[in-house]
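All remarks here apply to the structure that follows.
The values are calculated or read from the model by the stated rules, or taken from the named source; none is laboratory data. Just so it is clear, the structure is predicted and the values come from calculations on it, not from any experiment. We place every Cβ from the backbone using ideal geometry, glycine too, and count neighbours over all the protein chains shown. These area figures cover heavy atoms from the full protein model, side chains too; ligands, DNA and RNA do not enter into them. Shrake-Rupley method; radii C 1.70, N 1.55, O 1.52, S 1.80 Å.
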Amino acid sequence: MKAVDALERAARANVLLVVCDYDGTIAPLVDDPAAARPEAGAIASLVTLAEMPATVAAILSGRSLDALATLTGSPPGVHLIGSHGAEMTSAAGEPPPESLITARGRFEQLAAQYPGSLVEIKPMGVAFHYRGVPADSQATAGVAAESAAAAFTDLRMIHGKHVVEVMIEASGKGEAIRDLRRRWGADIVVFFGDDVTDEDGFAVLHAADVGVKVGSGPTRAQLRVADTTTVTELLENLAAARSGP
Ligand SMILES: [Mg+2]
């Protein structure tokens, strides 16, 4: 099947999720990573898709969320996911998982209990710092935080130097795509990627989904295109087909 045909079929999804890697997929590869500019047409199409009902658009990159936001200009409605899925944000402002919210509350209780400690809220985690707790109760504070953190079995805990942190487990782009699919109830996922880390994403696609590999190299994706220009054209086609009569 040709990519354009597969995407026309995908455009008829009840709930469509479109996910694009950034570098090498919607932004041509350049020597200076800070200079990697996106294809304007690709961004515009993602914004158009994101505005449509029952349509979710996301950019999923190994870059930090900050870098991704700067490079893409944080296109309205398009979810940005950094660090291969470890950092998720979104224009739609969906809440962090409930366990993380509960963990934040738990750490805040501990901070009230142990003067001198403080809670650091992170996008995908929360840290309890107890370096400032008086020496006679410092060790107790650490033990209390560790035992509080251990209750959140779906979060990863790290006990560092006077800091106990819990964070969301993210094991790559596959997990990120699974999470997005679940969260939005998508029945068809379209995923574009060019690199080895994108193979995790292709690996979790279902038969009805569309995986498009950009450029050469072995892949599990069922379709392949040459370059970012072609990806841009396909995104434009997809947006047109989804809005179409
Ligand atoms: Mg890439």
Query - Two-site label geometry, residue 150 and residue 196: point separation in nm, points 7 Å out along Cα→Cβ - result: 3.7 nm
Report summary line: GNM on the chain, Cα springs under 10 Å; top mean-square fluctuation among 221, 42, 203 goes to 203
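How large, in percent, is the carbon and sulfur part of the accessible surface of the chain at a probe radius of 1.4 Å?
55 percent
Accessible area per residue for the chain in Å², computed with a 1.4 Å probe and the full protein assembly in place, what is it? Walk me through the numbers on the way to the answer.
Working: 11270 Å² over 245 residues.
Dividing the accessible area of the chain by its residue count gives 46 Å².
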**Report entry** Cα centroid separation, the stretch 22-60 to the stretch 96-174 (Å)
**Finding:** 35 Å
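Report, in deg cm²/dmol and to the nearest 500, the calculated mean residue ellipticity at 222 nm for the chain, where each DSSP H run with n ≥ 4 adds -39500 (n - 2.57) and the sum is divided by the residue count. Before the final figure, lay out each step's value.
Working: 8 runs with 93 residues, N = 245.
That comes out to -11500 deg cm²/dmol.
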Report summary line: Per the C-alpha gyration tensor (a ≥ b ≥ c, the square roots of its eigenvalues), the stretch 117-161 is rounded if a/c is under 1.5, else prolate if a/b beats b/c, else oblate; here it's oblate
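Under 27 Å between alpha carbons: how many lysine pairs meet that in the chain, if sequence neighbours fewer than 8 apart on the same chain are excluded? Show your work: numbers first, answer last.
Working: 2/173; 2/213; 122/161; 122/173; 173/213.
Lysine pairs, 8 or more places apart or on different chains, close enough: 5.
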Report summary line: residue 137 and residue 37 label points (each 7 Å along its Cα→Cβ direction) are spaced in nm at 5.7 nm
